[in-house]
1. Residue by residue through the stretch A:24-35, which ³J(HN,Hα) values in whole Hz follow from phi under the Karplus form 6.51 cos²θ - 1.76 cosθ + 1.60 (θ = phi - 60°), with glycine and proline marked x?
2. Taking amide hydrogens as modeled 1.01 Å from N in the peptide plane, which residues meet the under 5 Å criterion relative to B:Phe45, leaving out close sequence neighbours?
3. Treat the count of other C-beta atoms within 10 Å as a stand-in for reagent exposure and order B:Ser31, B:Ser139 from fewest to most.
4. Report the calculated FRET efficiency for B:Glu18 and B:Thr44 (r = Cβ-Cβ distance, R0 = 30 Å), to the nearest 0.05.
5. For A:Val129 paired with A:Lys13, estimate the spin-label separation in nm (one decimal), with each label point 7 Å from Cα along the Cα-to-Cβ line.
6. Which one, A:Leu110, A:Gly36, A:Ala83, projects farthest toward the positive side of the charge dipole computed for chain A from Cβ point charges (K/R +1, D/E -1)?
7. With +1 assigned to the C-beta of every Lys and Arg and -1 to the C-beta of every Asp and Glu, and no other charges, what is the dipole magnitude of the stretch A:1-135 about the Cα centre in debye, to the nearest 20?
8. Compute the signed sum of charges (Lys and Arg +1, Asp and Glu -1) over the other residues within less than 10 Å, Cβ to Cβ, of B:Asn27.
Amino acid sequence: MRVASQAVPPKIKTGTPPSLAIFSGAVFGMAIVGAGAVVFFFNPGTHRFYPVCMFHQLTGLNCPGCGSTRALYALLHGNLPLALKDNSLFIFTGAVLAARGAWFAAKHFLRQPAGQFLSPKMLWAFLVVAGVFTVLRNFQAFSFLSP
Amino acid sequence: MYKIIGHDGKEYGPVTGEQLRQWIAQNRVESRTPVFVDGAKDWTFVGLLPEFAALFAGGVLPAIAPQTIAPPAQLRKTNSFAITGMVCGILSLTLCLCCGGIPFNILGLIFSVIALLQINENPQLHEGRGMAIAGIILSAVSFLILLFSMASGHSHIIINNGQF
C-alpha cells in the first residue's frame, strides 16, 4: 500500500555552516592575538591601565583568575616557571584548550566527526578543579599557586 | 500510518511505517522529529515510539517492537544554551578582573534562563538542567561580588597598584 506521488521531507543537515564557524574562529583568534600583543608589550606588573580584580580588592584574597595577565606576560616572554606560579590554572586551561583545538582541527582536516568542543563532563571537572585551586592558593602552605 | 513534521517545518504523510523507516535511513527523519500516529491523542517524537526506537540505538530493527518505552540516548541532546550559560558563568567568576565580570554574568544569566525554559518545555529532549542551574548560580555570585564591591566604594576604575 505505497502512497503514490509522496512528498518527501528534506534531508537533515547537521552542524553549523563552515563559513560561520570560520568567521567566528577568525574573530576569536584576532581578539586573542590582539590581547596577547597588548600583554606582551606592556608589562602588567608595571603598567596601570589594566583593570583590577574586584574580588581581590574587596577581600584581599586571590580569585581563580588573579594573576592571569601576569602569567600570560611571563609565558609570552618564555618564563614558564613564573607563569605557572602566577596562575597555573590559567596556563593549564590554555594548554588543554589548545590541545583540544588542535585535535578538533585534525578531525576536521580528516573529515571525521568530532562531537562537541566542550562536553558537560569537562565543564564540571573544570568547576571542581577551579574551586579547589581557588581555596588552596589562598593558604600559606600553597603560596606557590598565588602570584 | 504516520504523519511527521520534516526539518523544514512542513507536515509530511500519512505514510506507512516502512516508508518512515526509509526516511530515517536516508537521514530525512531523526529521533527528535515530531510524529503523529493514527489514533493517538497527541504528537510525539519518532525516537519515543518503540517500533522505531531501535533504529536510533544503532542496531538492526527487530521484527517485534521492544516493550520498553525508555527514550534512546540519541533522543536527549545536551542543551547548547545550558553549556554556553555555564561557560559564561565560569568566565564571569574567573575573569572577574575585567569590569566585575560584566559581560559574562549578564550573558550567563540570559543563556541559563533560556536553557531552563527550553528544558522545562521538553524535558525528554534536553539534558543539562544541572549546567543551566550552575550557570545561574555562578553568574549570580559574580553579580553579588560586583554589588558588594560597588557598595564598598571599590570599582575597577580606581588606580591599579599592580594587584589584579
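No lab work stands behind these numbers, since they all come straight from the coordinates. Since we're looking at a predicted model, the values are computed, not measured. Every residue, glycine among them, receives a Cβ derived from its backbone with ideal geometry; neighbour counts consider all protein chains shown.
1. So the Karplus estimates, Gly and Pro as x, are 5, x, 5, 4, 4, x, 5, 4, 5, 4, x, 4 Hz.
2. Those lying under 5 Å, H to H, from B:Phe45 are B:Val35.
3. Values: B:Ser31 23, B:Ser139 29.
Starting with the residue having the fewest Cβ neighbours, the order is B:Ser31, B:Ser139.
4. Details: r = 19 Å, r/R0 = 0.64.
With a Förster radius of 30 Å, E is 0.95.
5. Taking the simple label geometry, A:Val129 and A:Lys13 are separated by 3.6 nm.
6. The one lying farthest along the dipole's positive direction is A:Leu110.
7. 560 debye
8. In short, +2.
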